[in-house]
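Contents: one structure, followed by commentary.
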Amino acid sequence: MFPLLKYTKDQVEAYYAKVTPEMVAASLAKDKHDWFDLLNLISPAAYPFMPEMRAKAQLARRRYYGKTVSVYAPLYIGNTCINSCRYCDFRVQHSGTVRRNLTMDEIRLEAEAIRATGIDSLLIVAGEDPKVNSVEHLAEVGRMLKTMFSNLSLEVAPQTEEGYRELFNAGYEALTCFQETYDPEQYKYFHPAGPKSNYEFRLWTQLRAGKAGFRQLGVAFLLGLCPWRAEAASLAAHAFYLMKECYEAKVQFAFPRFCRVEGGFVPPHEVSEEDVDLMMLAFRIVFPQCCMTVSTREAPAFRDYIVQYAADNMSAGSRVTPGGYAVLEKEHAADVAQFTLTDQRAPKDVYAAIKANGQEVVFKNWDKRI
Ligand code: SF4
């Protein structure tokens, strides 16, 4: 569990089992919600309330985000990694993966291909390889890309507060770091070696980034590694903590789910689409002001639906391969992907789907304070 919570996993699971329909209804009726409301709204007793939850989540979403949907694209700049995550094909022991780190010229080519689709928010992604993707290198990449994009986000190895300050000064303003699991024992099992095996250092990543000036702090766990309700309780506690400690920044939720693929990692605790739906509605109700992104691992129909009720942000035309937008030939573009994409639509088709639902595509919705 999130270490500052005073409840054990067993106590939290026992609480879920005792939630009644009356408790769910009472949580739904409130205007302001606390941690227990989140638990009530994702408990097994909440499923029959999903139509009402949908209506309440949509109201909350409209209040803070109107009918807008922000779009972004990830740019994978490299996939060498010194970690050993048991569920990832980029892990150091996995010899079957083609490794590649893009040069500055290749990064620019990829970025130009993304920019040509209208996208103005870029997420830089890389495996953990401090010799290649050092703070200095990431800062150099940031300075180059800041001339092309309004918003730069990072999804790379956790850094020190000083490192984040340098990256913030180079142009990055948002950060995502999945905790993968909040259960320290399971974390140790899934991350047996490498710097990522340090649970505590990863856990306080967003706090360090927030102190360094980052304006958006992304939190998540990997859906499928451990029982999801206990993980979601920890995620909510983590978010409440960050909202207090880094009140100038915005917390962003993501709900990345392992979908079983042939020959791929088999998640020990599979999560259904209905569970993801319930969780996203509940988090939108309890955290109405927070950002929420919907993963490209989800099916197009689900993504188009959930951006109307809970999520406010989605990727479009994603390639999860270093070089996948412009550098690699089409037939090689899937060789070195980190995970399988379920939504493979081109950006223009994602924009068309958003508009068809009566929503507006937003490429940029903020400006840096000078
Ligand atoms: S999940 Fe990230 S840190 Fe772990 S092996 Fe894959 S790329 Fe490396």
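The values are calculated or read from the model by the stated rules, or taken from the named source; none is laboratory data. Predicted model, so just to flag it, every value in this text is computed and none were measured. A quick note on method: Cβ atoms are made from the backbone with ideal geometry, for glycine too, and the neighbour counts reach across all protein chains shown. Only protein heavy atoms, including side chains, enter the accessible area calculation; ligands, DNA and RNA are left aside. Shrake-Rupley method; radii C 1.70, N 1.55, O 1.52, S 1.80 Å.
What fraction of the DSSP beta bridges in the chain is antiparallel, stated in percent and rounded to the nearest 5?
If I count the DSSP bridges inside the chain, around 5 percent turn out antiparallel.
If I compute solvent accessible area with a 1.4 Å probe over the protein chains, what percent of it on the chain is carbon and sulfur? Mind dumping the intermediate values first?
On the way: 8290 of 15780 Å².
Taking all protein chains in place, the chain shows 53 percent carbon and sulfur surface.
At 1.567 mPa s and 4 °C, plugging the Kirkwood radius over alpha-carbon pairs of the chain into Stokes-Einstein gives what diffusion coefficient in µm²/s?
It comes out at roughly 62 µm²/s.
Go ahead and run the numbers for FRET between LEU59 and GLU270, Cβ-Cβ distance against an R0 of 45 Å, rounding to 0.05. Don't skip to the answer; put the middle values down first.
Numbers: r = 31 Å, r/R0 = 0.69.
Efficiency, from the Cβ-Cβ distance: 0.90.
Could you calculate the contour length gain from LYS146 to TYR247, that is, 0.36 nm times the residue separation minus the distance between their Cα atoms, to one decimal place in nm? Could you put the intermediate results ahead of the total?
On the way: separation 101, 0.36 × 101 = 36.36 nm, distance 2.52 nm.
Fully extending the segment from LYS146 to TYR247 adds 33.8 nm.
Using a 1.4 angstrom probe, figure out how much accessible area region 172-222 has per residue, in square angstrom, rounded to the nearest whole.
Heavy-atom SASA per residue in region 172-222 reads 32 Å².
Are there any GluC sites (Glu not before Pro) in region 253-305 that are in a DSSP loop and have at most 16 other Cβ atoms within 10 Å? List them by number.
Sites meeting the loop and neighbour criteria: GLU262, GLU270.
Return the distance in nm (one decimal) between the two label points of a simple spin-label model at TYR47 and LYS211, each offset 7 Å from Cα along Cα→Cβ.
Going by the 7 Å Cα→Cβ label model, 4.4 nm.
Measuring from centroid to centroid over Cα atoms, what is the spacing of region 234-259 and region 86-153 in Å?
First find each Cα centre; the distance between them is then 24 Å.
Between region 265-308 and region 191-233, what's the alpha-carbon centroid distance in Å?
Between the Cα centre of region 265-308 and that of region 191-233, the gap is 18 Å.
Probe radius 1.4 Å, ligands and nucleic acids left out: which of LYS364, LYS196, LYS18 has the largest accessible area, and how do the rest follow?
LYS18, LYS364, LYS196
Just want to confirm a number: the relative contact order over the chain, from Cα pairs under 8 angstrom separated by 6+ residues, in percent.
It comes to 23 percent, rounded to a whole number.
Does region 1-115 come out rounded, prolate or oblate by the C-alpha gyration tensor, with a ≥ b ≥ c the root eigenvalues, rounded set by a/c under 1.5 and, if not, prolate when a/b is larger than b/c and oblate if not?
Verdict is oblate for region 1-115.
So the label point goes 7 Å from the Cα of LYS32 along Cα→C-beta, right? Which residues of region 216-236 then have their backbone N under 15 Å from it?
The answer is none.
From the square roots a ≥ b ≥ c of the eigenvalues of the alpha-carbon gyration tensor of region 133-188, which class results: rounded (a/c under 1.5), prolate (a/b over b/c), or oblate?
prolate
When a/c reaches 1.5 or more, the comparison of a/b and b/c decides; with that in mind, is region 3-42 rounded, prolate or oblate per its Cα gyration tensor?
Working: a/c = 3.86, a/b = 1.48, b/c = 2.60.
Oblate shape, in that a/c is at least 1.5 and b/c is the bigger or equal ratio.
Once you've got the Cα coordinates, tell me which of LYS211/LYS244; LYS32/LYS244; LYS32/LYS56; LYS6/LYS211 are over 19 Å apart. Before the final figure, lay out the partial values.
On the way: LYS211/LYS244 12 Å; LYS32/LYS244 16 Å; LYS32/LYS56 12 Å; LYS6/LYS211 25 Å.
Result: LYS6/LYS211 exceed 19 Å.
Between TYR15 and ALA301, what is 0.36 nm times their sequence separation minus the Cα-Cα distance? Round to one decimal in nm.
Between TYR15 and ALA301, full extension yields an extra 99.6 nm.
Roughly how many Å² is the accessible area per residue of region 87-163, as a whole number, for a 1.4 Å probe? Please report the intermediate quantities before stating the final value.
Working: 3380 Å² over 77 residues.
Per residue, region 87-163 has an accessible area of 44 Å².
Taking 51 Å as R0, compute the FRET efficiency from the Cβ-Cβ separation of ALA25 and PHE201 and round it to 0.05.
Calculated transfer efficiency: 0.75.
Mind checking region 221-292 for chymotrypsin sites (Phe, Trp or Tyr not before Pro) that DSSP puts in a loop (not H, G, I, E or B) and that have at most 13 other Cβ atoms within 10 Å?
On the way: sites: PHE221, TRP228, PHE240, TYR241, TYR247, PHE253, PHE258, PHE265, PHE283; in loops: TYR247, PHE258, PHE265.
Qualifying residues, ordered by number: TYR247.
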